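Quick notes on the structure that follows.
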Amino acid sequence: MRKTSYGFLVTIAVLVRCMAQTPAHPRSVAITIDDGPAVNEMKDLGNFQRIARGLLSSLEAEKVPATIFINERQINVQGQRDGRAAVLAMWLDAGYDLANHTYSHPSANKASLREFEDDIVRGDVIMRPLMEERGRKMVWFRYPFLDSGMTQEVHQSIMDFLEEHHYRVAHVTVDYKDYSFAGVYSRLVRAGDAATADRVKQAYLDQIDPGFERSEQASQEILGYELPQILLIHCNELNSVTLRDSIARMRKRGYTFVTLEEATKDPAYSRADTFVGSGGSWLERTARAMGKKISTPSPRMPQWITDLPRPAR
Ligand SMILES: [Zn+2]
């Protein structure tokens, strides 16, 4: 009898411990991929298609939702417009959401208000009919460089303009600067240095854990819980070959994958955005609005990659 009670107590203790370790908010993340369909591929249609297909096939294989933010300037290449627009249709027919990231990727902190608004309008000319003929709606907009105006007046004017055009702003909470690795990676691949390119690829994958950890800790510090994260990465060659491995790392941290719509149901995303300045993730914006500090610095790219010789111009 005594033995049984002891066993019972141990079971209760284990159960209590398990419950304590299960977060009240299970981890979730919405993947968003900017500068689509394929950044810096304005000449070669084959590369453009290959990168887009690499991203799409990775997401499909992992059965993970994602929103792709498009710069339509990339479609307007003479002699390739049909081939490039077909990539947009490919994303839509596979069930993925496309979104407006402006036509030509200007910074709202540098362009005039009129220029910036014009770039938003030009940003969905090709996509919108493709979406609508499939019974879908344009919903999301993301600021290039996350810049949303240097003064409160400009910031408010842009937000009013987006609202009039029925756009919602897609925020970002996890950003481990994939583009800084991607540029070096593509350069090495083009130069035929597969060994160093592979080391950069590994270093990039190793950036994912500290990148998420920073956002998880920041969210705890600011909100007292982990909000559904919104990851920002870009439509580049590096992600087209690593996305499945990246997703595996996120799964290992306990993440499930949700749409932008689902993630933003969390009340942390309904706060009015009053941020003025350069860039800034939603966590950084929220911290500033609440007068709080994020103690963990952003992970840095390893020095050996920064020190790699740059090609002669
Ligand atoms: Zn961008």
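The values are calculated or read from the model by the stated rules, or taken from the named source; none is laboratory data. From a predicted model like this one, the values you see are computed outputs, not experimental measurements. Glycine gets a Cβ as well: all are built from the backbone with ideal geometry, and neighbour counts include every protein chain shown. Keep in mind that these areas ignore ligands, DNA and RNA; they rest on the heavy atoms of the full protein, side chains included. Shrake-Rupley method; radii C 1.70, N 1.55, O 1.52, S 1.80 Å.
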- Note on the structure: Taking every alpha carbon pair in the chain and sorting the distances into 10 angstrom bins from 0 up to the bin holding the longest one, the percent per bin comes out as 5, 24, 32, 24, 8, 3, 2, 1, 0
- Message: For the chain, what does the accessible surface come to per residue with a 1.4 Å probe? Please give it in Å².
- Response: 51 Å²
- With the full set of protein chains in place, find how many percent of the accessible area of region 181-256 is carbon and sulfur; take the probe as 1.4 Å. 47 percent
- Item | Cα extents of region 173-313 along the three principal axes, largest first (Å) | 48, 31, 22
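For each pair in K63/K265; K43/K110; K137/K265; K137/K177; K252/K293; K110/K137, compute the distance between the two Cα atoms and list the pairs where it is over 23 Å. Could the numbers behind the result be given before it?
Values: K63/K265 21 Å; K43/K110 27 Å; K137/K265 18 Å; K137/K177 29 Å; K252/K293 28 Å; K110/K137 29 Å.
As for pairs spanning more than 23 Å Cα to Cα, those are K43/K110; K137/K177; K252/K293; K110/K137.
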- Message: Using only the alpha-carbon atoms, how far is helix 194-223 inclined from the longest principal axis of the chain? Give it as 0 to 90 degrees, nearest 10.
- Response: 60 degrees
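Add +1 for every Lys or Arg and -1 for every Asp or Glu among the other residues with Cβ under 10 Å from the Cβ of D193, and state the total.
Details: positive: R187, R190, R199; negative: D198.
Charge balance in the 10 Å sphere: +2.
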- Query: For the chain, what is the mean residue ellipticity at 222 nm derived from helices alone (per DSSP H run of n ≥ 4: -39500 (n - 2.57); sum divided by total residues; nearest 500 deg cm²/dmol)?
  - Reply: -15500 deg cm²/dmol
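Using Stokes-Einstein with the Kirkwood hydrodynamic radius over Cα pairs, what translational diffusion coefficient do you get for region 43-151 at 25 °C and a viscosity of 0.890 mPa s, in µm²/s rounded to a whole number?
167 µm²/s
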- Task: Hey, can you grab everything whose amide H is under 5 Å from the amide H of L98? Only 5+ residues off in sequence or another chain; H modelled, so Pro and N-termini drop out.
- Result: I68
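Below 13 angstrom from the Cβ of G79, what's the summed charge of the other residues (Lys, Arg +1; Asp, Glu -1)? Don't skip to the end; give the middle numbers.
Numbers: positive: K43, R81, R84; negative: D44, D82.
Neighbour charge sum, excluding G79 itself: +1.
Among 247-258, 97-108, 141-152, how do they line up by average Cβ neighbours within 10 Å per residue, starting with the highest? Please report the intermediate quantities before stating the final value.
Working: 247-258: 16.4, 97-108: 22.4, 141-152: 19.7.
Highest to lowest by the protection proxy: 97-108, 141-152, 247-258.
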- Amide H neighbours of D147 under 5 Å, at least 5 residues apart or on other chains, H built in the peptide plane: list them. A108, G279
- Note on the structure: Nearest 10, in degrees from 0 to 90: the angle of helix 152-164 to the longest Cα principal axis of the chain is 80 degrees
- Item | Cα-based helix-to-principal-axis angle, 2-21 vs the chain, degrees rounded to 10 | 20 degrees
- Using amide H atoms built 1.01 Å from N in the peptide plane, name the residues 5+ places from D34, or on other chains, whose amide H lies under 5 Å from its own. F69, I233, H234, C235
